Amino acid sequence: MVCECTTEPAGKVIGRRTGRDFHLQRCIVCGFLFVNDPCTDQGGAQAAAGTVLDGDDNSEEFVGEAPEREATIRHYEWRGVERVARHFLPDGGKWIDYGCGSGGLVRFAKAKGRFQVMGYDVGAGADRAHANGLPILCKAELEQHAGTFDFATSINVLERHADPVSELIRIRALLKPGGVLFFLTSNTAGAPETLNEWSVLCPDIHVSYFNYVSIKIALARGRFEQEYPRWLPGLSDIVRHKALRYLGIRKRSFLEKAIPIRPIARLLAKRGHWVDYTVAIAC
Ligand SMILES: [Zn+2]
């Protein structure tokens with residue numbers, strides 16, 4: 001919930017991963033859309049669907065050797081987010097990837113060497129990344145770093161939580177005043193009338209869906225002020241990743257690179273409202 005006002009039923013949808021029916025509920029004031037009867041065991045839901053919890057979709061991410069990781073289109077998203085970080089922190093700084101999954105973005109940004117980057121998540125992916133030597137913090141370590149980060153990322157994470165405001169409050173506590181949160185999450189402005197046809201909808205694992213009003217309220221409750229930059233360096237790569245996913249392409253290849261993806265991605269991003277809100281400043 002975001003504003004705690006009255007909600008009404010918003011229809012029934014089928015979870016593509018579990019085949020189960022889910023009932024959606026919408027706030028009549030802010031339009032926040034949420035799954036009323038989520039899978040209580042998200043790990044179990046994902047295991048049933050043949051995936052493991054890691055970001056929005058683990059199918060592109062490998063925990064194997066570097067060349068395999070480089071081969072997936074997720075590389076574009078990481079490159080884009082690192083570019084965004086450089087925009088806000090041209091001289092480097094301390095960066096937390098909150099909800100880092102198995103740490104792909106942390107690994108990428110660390111290799112670039114510009115930032116003191118760390119990750120936080122719970123689950124097998126994060127444990128494995130930590131065991132492999134990535135700077136993935138546990139909850140107790142995270143608290144020791146409260147108020148010290150210049151930059152935080154939340155990449156396709158808020159939708160995983162039934163109480164996204166609490167997540168924002170936790171992220172805010174990690175940032176310095178004036179610190180920047182860069183986030184990617186859903187926007188129901190890009191949804192078709194029939195929600196079942198919305199490619200973004202994944203009620204099996206994603207339980208919270210925002211719009212312009214509800215994200216603003218959620219950020220304000222987390223003590224963030226929203227910013228609306230016209231465009232950011234790095235967003236091209238981020239929408240490229242999303243567009244390739246939308247087109248069902250998961251691997252980087254000569255063929256994939258031959259697609260004139262830039263205009264297609266811009267068009268799809270505009271139509272789907274993919275990156276209309278991405279930045280908030282810690283008050
Ligand atoms: Zn509301």
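The numbers here are math on the coordinates, done by the rules we state, and not lab data. None of the values given here were measured: they were computed from a predicted structure. No Cβ is skipped: glycine too gets one built from the backbone with ideal geometry, and neighbour counts run over all protein chains shown.
At R0 = 51 Å, how high is the FRET efficiency between ASP37 and SER253 if r is their beta carbon distance? Nearest 0.05 is fine.
Details: r = 40 Å, r/R0 = 0.79.
E between ASP37 and SER253, to the nearest 0.05, is 0.80.
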*With a ≥ b ≥ c taken as the square roots of the eigenvalues of the C-alpha gyration tensor of the stretch 150-283, please select rounded if a/c is under 1.5 and otherwise prolate if a/b is larger than b/c or oblate if it is not?*
prolate
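If we count every other residue with Cβ under 11 angstrom of LEU137's Cβ, Lys/Arg +1 and Asp/Glu -1, where does the sum land?
Values: positive: LYS139; negative: ASP97, ASP121, GLU141, GLU143.
Local net charge: -3.
Could you calculate the FRET efficiency of ARG230 with ASN132 from 1/(1 + (r/R0)^6), where r is the beta carbon distance between them and R0 is 35 Å, rounded to 0.05? If you can, show how the numbers build up before the last one.
On the way: r = 39 Å, r/R0 = 1.11.
For ARG230 and ASN132, the calculated efficiency is 0.35.
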*asked:* Amide H of LEU184 versus every other amide H placed in the peptide plane: which residues, excluding those fewer than 5 positions away on the same chain, fall under 5 Å?
replied: SER154, ILE155, ASN156, VAL157
*asked:* As a quick test, which of the pairs LYS112/LYS257; LYS112/LYS270; LYS94/LYS270; LYS94/LYS242 have an alpha carbon distance above 25 angstrom in this structure?
replied: LYS112/LYS270; LYS94/LYS270; LYS94/LYS242
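So how much slack lies between VAL29 and ILE14, counting 0.36 nm per residue of separation and subtracting their Cα-Cα distance, in nm?
Between VAL29 and ILE14, full extension yields an extra 2.9 nm.
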_Give me, ordered by chain and number, the residues 5 or more places off ASP97 or on other chains with an amide H under 5 Å from its own placed amide H._
MET118, GLY119, TYR120, THR153
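Under the rule of -39500 (n - 2.57) per DSSP H run of 4 or more residues, summed and divided by the residues of the chain, what mean residue ellipticity at 222 nm is obtained, to the nearest 500 deg cm²/dmol? Don't skip to the answer; put the middle values down first.
Numbers: 11 runs with 100 residues, N = 283.
Computed ellipticity for the chain at 222 nm equals -10000 deg cm²/dmol.
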*Return the distance in nm (one decimal) between the two label points of a simple spin-label model at ILE281 and GLU141, each offset 7 Å from Cα along Cα→Cβ.*
3.2
*Which three lengths, in whole Å and largest first, does the chain cover when its Cα atoms are put on their principal axes?*
48, 45, 38
